[in-house]
Amino acid sequence: MRSLPPTDANVSDARIQGWNVIRRVIPYLWPDGNTTVKIRVVASMAALFLSQIIAVATPQFFSQAVDALAPDEPTVATYLGLGAVGLTLAYGFARLMSVGLQQLRDVIFTRVGQGALRSLALETFTHIHRLSMRYHITRKTGGLSRIIERGVKGVEFLLRFLLFSVGPLILQLLMIAGVLFVTFDVWYLVVVVVTIGLYVWFTFAVTEWRVKIRKQMNDQDTDANQKAIDSLLNFETVKYFGAEKWEADRYDNAMRQYETFAIKTNYTLAFLNFGQAVLITGGLVAVMVMAAIGVQNGDLSVGDFVLVNAYMIQITMPLNFLGTVYREIRQALIDMGEMFDLLEQPAEVIDKKDANVLKVQSGEIVLEDVHFGYDPERAILKGVSITAKPGQTVAIVGSSGSGKSTIGRLLFRFYDVNSGALRIDGQDVRDVTQTSLHEQIGVVPQDTVLFNDTVHYNIAYGRPSASEEEIFAAAKAAKIHDFIVSLPDGYKTTVGERGLKLSGGEKQRVGIARTLLKNPPILLLDEATSALDTETEMEILAELKAMSKGRTVITIAHRLSTIAEADQIVVLEEGVIVERGTHDALLASDGRYAHLWNRQSEDETISV
């Protein structure tokens, strides 16, 4: 299959590598080692081939029935002892067999097709989760979701139309061409081939033209829809400034542009349909005239005249959908190409082939001369060395952009260090599996994001095998149990997308309960109480302190009052450690930490 030319429908303006995309799908339809699937594919193709043979043979029964009704007209049926009634019944049976075999083909193949779609969707979904944090922060989540959705739908469409529409159509055309060549005259075949050739060329050319107009129409539709949504989301602002007419004019102008291209789209569709009708009718009439002349000259029977007509109708009926199928196949190839490009996107952070399972015995964490930057041109951490001894709480503080949260991401191995090493109990995190690393670290992030599910589901996510009692205990420890049971649906309350039905403090406490339930040997607290009021914060800090006993804790804090009791406080500025020590020692040294502490104390005094 040649590469289809780039068009405005292809937003990336890349060439559509049709054969490459189809070749990527084949392994899912013919998987190695799965004999059952291969048998189904072969059986469905056999049913397809047999149905087409019967479909091509069916008009012959109709033709013979017509000749059998003609007086004194010797026919094949005469020699077989079949009358017009018998031939008509045979014709009906053949039609039924053709349709039945087509449905049998669908029944046999549907498990293969759906299995391929499921495998492909799962592989893509799993691969997206393997991609690095760097990739995800540069892509829109909705865009990734749409790539999967459109790609899977594209595969489904391609399978359905290539295997069940275009494939059978091509096979049928070849068979009918052979019948016309053998039964009639070569000129019948020439007329049919020329008609189909002109029809295909005209359809593809006009469809390409219509695709450009349709894209402009869709763009205007999107623009109008965006203006409407934006205006409604800013309803209060519109009212504040009395801008109702302004918004209405903006929306109407966008709809006027949409109207223009929508009219052009309908006009071009009428032109396409009429042009197709002219070509098909021209070819049909030409063949029928040739057949009529043959009947008048005695070279053909009336049944032959009917047979030619039946074959032409059999050819032209599927061709009516060619424009739509062509456009949809092109779009399906584009969507599938985007999905396969996503599958080929390499994961930045991967496990080594000989990676071991992380074994945490004491929980010592060591950062040794760590250098790291999200961009090679801009270093974030510049030779950071920190040791968190087993059971210690190490707090990392500093101004915004100093690299505090980056250390947490490196510990969880969202990224790999550029140089230096990060070890847990002497094991470099790059030498262990990511799954085992993640199992040993519990994280309470600054912005807790919840699933659009129940409160129970979100807490149990920390350890899905936990009992009800353990889930309730975690909620009580996070000071959220009483709030949950006060809700009308209790633990079955749905929290909304990203947990938006809950306040920031409530979300944070659910996140803390989730981590408490996980019960890991290492804790990473990234501004874990930033969304809480002072009273609740003190309560949860007491629970986190109790939970921290016997565990190594890395806490990243902006509010210094929350980490005053830490065993070690590390002060970062511009990726460099400028101070370290206990709270009292750092205050006594009157350095950067003391300056931050005094400034926060003053701010709290003013706010009171």
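Points to keep in mind about this one:
- Any helices (runs of 4 or more DSSP H) falling wholly within segment 54-166 and containing at least 2 residues that are touching a Pro at 6+ places or on another chain (Cβ under 9 Å) and modelled with pLDDT of 75 or more: 84-130
- Residue in segment 347-357 that is in contact with a helix residue (DSSP H, G or I) (Cβ under 8 Å, 6 or more places away or on another chain), of a type in the set (Asp, Glu) and surrounded by 14 or more Cβ atoms within 10 Å (Cβ to Cβ) present: yes
Residue-by-condition table, conditions (1) open to solvent by 50 Å² or more (accessible area, probe 1.4 Å); (2) under 30 Å from the mean Cα position of the chain (by Cα):
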{"position": "464", "(1), (2)": "yes, yes"}
{"position": "468", "(1), (2)": "yes, no"}
{"position": "479", "(1), (2)": "yes, no"}
{"position": "507", "(1), (2)": "no, yes"}
{"position": "511", "(1), (2)": "no, yes"}
{"position": "522", "(1), (2)": "no, no"}
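- Per-region count, segment 182-214, residues without any contact (Cβ under 8 Å) to a residue 40 or more places away in the chain and surrounded by fewer than 16 Cβ atoms within 10 Å (Cβ to Cβ): 7
- Failed item, numbered, when residue 413 is tested on (1) crowded, with 16+ Cβ neighbours inside 10 Å; (2) at negative phi: (2)
- Segment 532-581, residues that are modelled with pLDDT under 90 and among the basic types (Lys, Arg): 545, 549, 551, 559
- Residue match in segment 233-248 (condition: within 17 Å of residue 316 (Cα to Cα) and either open to solvent by 50 Å² or more (accessible area, probe 1.4 Å) or touching a strand residue (DSSP E or B) at 6+ places or on another chain (Cβ under 9 Å) (or both)): no
- Listed by position, the strands (runs of 3 or more DSSP E) enclosed by segment 364-418 that each have at least 3 residues that are over 36 Å from the mean Cα position of the chain (by Cα) and farther than 14 Å from residue 527 by Cα are 365-372, 381-388.
- Taken over segment 261-291, the criterion of being open to solvent by 60 Å² or more (accessible area, probe 1.4 Å) and touching a residue at least 24 places away in the same chain (Cβ under 8 Å) is satisfied by 264, 269, 271.
Yes/no per residue for (1) among the small types (Gly, Ala, Ser); (2) touching a Ser or Thr at 6+ places or on another chain (Cβ under 6 Å); (3) surrounded by fewer than 16 Cβ atoms within 10 Å (Cβ to Cβ):
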residue	(1), (2), (3)
369	no, yes, yes
380	no, yes, no
387	no, no, yes
399	yes, no, yes
404	no, no, no
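- Picking from residues in segment 420-437 that are open to solvent by less than 50 Å² (accessible area, probe 1.4 Å) and not hydrophobic (A, V, I, L, M, F, W, C), the one that is farthest from the chain's Cα centre (by Cα) is 425.
The values are calculated or read from the model by the stated rules, or taken from the named source; none is laboratory data. Keep in mind that what you see is a predicted model, and the values were worked out from it rather than measured. Glycine gets a Cβ as well: all are built from the backbone with ideal geometry, and neighbour counts include every protein chain shown. Please note that ligands, DNA and RNA were not included when accessible areas were found on the heavy atoms of the full protein model with its side chains. Shrake-Rupley method; radii C 1.70, N 1.55, O 1.52, S 1.80 Å.
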